[in-house]
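The values are calculated or read from the model by the stated rules, or taken from the named source; none is laboratory data. Because the structure is predicted, anything quoted here is derived from the model rather than measured. Glycine also receives a Cβ, built like all others from the backbone with ideal geometry; neighbour counts cover every protein chain displayed. The area values use the complete protein model at the heavy-atom level, side chains included, leaving out ligands, DNA and RNA. Shrake-Rupley method; radii C 1.70, N 1.55, O 1.52, S 1.80 Å.
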Amino acid sequence: MTATNKGLYGVVEGFYGRPWNPAQRRTLFGWLHEGGLNAYMYAPKDDTKHRAVWRELYDFQELAALRDLVRDCQCQGLQFIYATAPGLDIRFTDAADLAALQAKLKQVRDLGVRHFAILFDDISPELTAADKQRFGTPAAAQAFAANEVLKWAAGGSGESHLLFCPTEYCGAFARPSVAESAYLRTLGEQLDPKIDVLWTGPEIISEVMPVDSIRELQRVLRRKPMLWDNLHANDYDMRRLYVGPYSGRAPELPSEITGILSNPNCQFEANFIPVRTLAAYVRDPQTYSPRAAYHEALAAWLPAFKSRGRGGALTLEGLQLAADIFYLPTEFGELAERYLADLRVILHTPPNGWGEVAVRFEQTTRQIAEVYDKATELADRDVLYALYPHLWEIKETAGLLGAWVQWRRDHPAATEAFVSSDFRPKIWHGGFAATIDRWLPMDERGRFKPSS
Ligand code: GDL
């Protein structure tokens with residue numbers, strides 16, 4: 001039996017920003033099906049009816065669109081999980097609010113959905129005076145609402161399933177710690193044991209998911225958690241993109257959890273490798289190798305880069321170079337690592353000591369520019385547009401580095417700094433956040449100190 005037989009494994013559309021469109025979701029369902037994954041959770045933060053105005057019912061047209069989505073999902077043999085996020089302003093003692101929640105879920109239940117989720121992430125868990133009087137704590141109030149939802153979701157038939165996202169949804173949020181959190185303990189005691197609890201790991205973005213930390217959580221929650229995995233999420237910094245492999249999750253992890261829902265890049269088309277490698281991990285966690293799965297996925301992704309131009313298609317090596325640059329939140333792929341290592345040598349050595357390093361560095365610099373040029377000729381414009389700002393940025397950066405290396409070669413004894421009209425102050429990496437980065441830079445240990 002594979003891990004997938006035992007739980008829900010797939011993707012949660014759970015990021016901030018523009019939700020995916022129906023065609024993108026259909027493509028996703030194909031990827032999930034092909035990889036042997038089995039679940040999709042609908043939870044786009046900025047779909048107003050999911051969160052901001054969760055009480056509002058779907059109109060006729062919206063329901064028709066949702067019906068199509070559920071059908072497309074289920075046709076691929078996947079579980080469609082519908083999530084609602086009422087936490088911003090729900091009043092737990094208000095019968096009208098509970099009725100609104102029930103009516104909304106009934107609309108979706110009538111479309112054939114049997115898997116639901118209620119999310120309380122990213123809210124301030126303050127209770128109203130009335131809620132406080134009745135429930136005492138946010139955990140008790142949320143558990144009450146979730147237990148009610150579980151009953152409604154079952155309808156008459158008794159067949160349904162509920163996921164719950166807590167407000168303390170990662171180790172870093174648990175107060176004072178996972179083991180001692182009164183909030184998590186109350187959930188463990190009061191949530192119906194059939195309800196699955198979502199967890200993002202030690203952090204919101206967890207590079208690793210230590211099995212011991214999951215076992216500790218199980219004891220408090222009195223159940224195995226389900227992972228909401230933000231490894232490839234990029235909504236928190238739109239300058240980043242993550243096309244590296246699923247990694248940092250041990251072979252023993254699947255037996256300690258009830259599933260994994262990956263919340264990946266906002267740019268849908270960038271998620272081919274994240275989804276494919278997640279599938280490889282889930283199929284066989286024992287033999288899973290992130291780098292091997294990554295190479296397999298790169299080769300499988302290459303056909304999406306067919307060219308319409310005369311410059312010829314992107315090569316596998318070119319694709320790998322770009323993907324190694326946009327790899328994982330705290331890791332570069334090997335070609336990017338090598339490029340950066342070469343750059344450090346070049347920055348800190350006089351040109352007469354560069355040797356082969358500079359030859360290799362300049363070749364890679366040219367390759368980066370070429371990747372951008374070839375990408376602009378892509379037949380699939382959706383793939384291009386998903387990657388565009390990122391490819392532009394590396395092309396421009398390579399341009400700067402190429403110009404600097406040339407200048408350094410031509411001025412080996414220079415004491416003054418390199419200045420180029422191609423890179424003007426306030427235009428090159430200008431703007432609000434970049435200005436703050438310069439005034440209050442963060443060092444490698446996370447310390448902020450004003451620059452002089
Ligand atoms: C979060 C949000 C999620 C967001 C992610 C990455 C959860 C449970 N909630 O905190 O919507 O996409 O971080 O920024 O992860």
Open item on the list: Just to confirm my numbers, what's the Cα centroid distance between segment 126-198 and segment 89-122 in Å?
Closed with: 14
Open item on the list: I need the Debye-formula profile for segment 153-229: one equal scatterer per C-alpha, no solvent, reported as log10 I(q)/I(0) at q = 0.13, 0.23 1/Å, two decimals.
Closed with: -0.38, -1.01
Task: Equivalent ellipsoid, segment 86-137 (semi-axes from 5 times Cα gyration tensor eigenvalues, Å) - done: 24, 13, 8
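Multiply the residue separation of K132 and A172 by 0.36 nm, subtract the distance between their alpha-carbon atoms, and state the gained length in nm to one decimal.
In short, 11.9 nm is gained.
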Task: Gain on full stretching of the segment that runs from K194 to L57 - 0.36 nm per residue minus C-alpha separation - done: 46.6 nm
Task: Rel. contact order, % - alpha carbon contacts under 8 angstrom, at least six apart, segment 3-290 - done: 21
Task: Alpha-carbon centroids, segment 433-447 and segment 300-350: separation in whole Å - done: 26
- [ ] Send over the semi-axes of the chain's equivalent ellipsoid, whole angstrom and largest first, taken as the square roots of 5 times the C-alpha gyration tensor eigenvalues.
- [x] 44, 25, 21
Open item on the list: Tell me the carbon and sulfur percent of the accessible area for segment 3-290, rounded to whole percent, probe radius 1.4 Å.
Closed with: 52
Task: Accessible area in the full protein assembly, largest first, 1.4 Å probe, for H115, H348 - done: H348, H115
Task: Charge dipole (debye, nearest 20) of segment 3-290; +1 at Cβ of Lys and Arg, -1 at Cβ of Asp and Glu - done: 460
Task: the chain - accessible surface per residue (Å², probe 1.4 Å) - done: 47
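Set the Förster radius R0 to 45 Å, insert the Cβ-Cβ distance between R219 and E148 as r into 1/(1 + (r/R0)^6), and round the FRET efficiency to 0.05. Don't skip to the answer; put the middle values down first.
Values: r = 26 Å, r/R0 = 0.58.
E(calc), rounded to 0.05, equals 0.95.
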Task: Computed accessible area, I325, all protein chains, 1.4 angstrom probe, square angstrom - done: 40
Task: Cα lying deepest toward the dipole's positive end in the chain, options F332, A83, S262, charges on Cβ - done: A83
TODO: Provide the gained length on full extension for the span L316 to A414, in nm with one decimal, where the gain is 0.36 nm per separating residue minus the Cα-Cα distance.
DONE: 31.3 nm
Task: Kyte-Doolittle at least 1.0, axis length at least 18 Å by Cα - qualifying DSSP helices, the chain - done: none
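Under a 1.4 angstrom probe, counting protein chains only, how are S124, S307 ranked by accessible area, largest first?
Numbers: S124 80, S307 40 Å².
Reading off the accessible areas and sorting them downward yields S124, S307.
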Open item on the list: Leaving out ligands, DNA and RNA, and with a 1.4 Å probe, what % of the accessible surface on segment 357-452 is carbon or sulfur?
Closed with: 57
Task: aspartates and glutamates with Cα under 19 Å of K151, excluding same-chain neighbours fewer than 8 positions away - done: D94, D97, D110, E159, E189, D192, D196
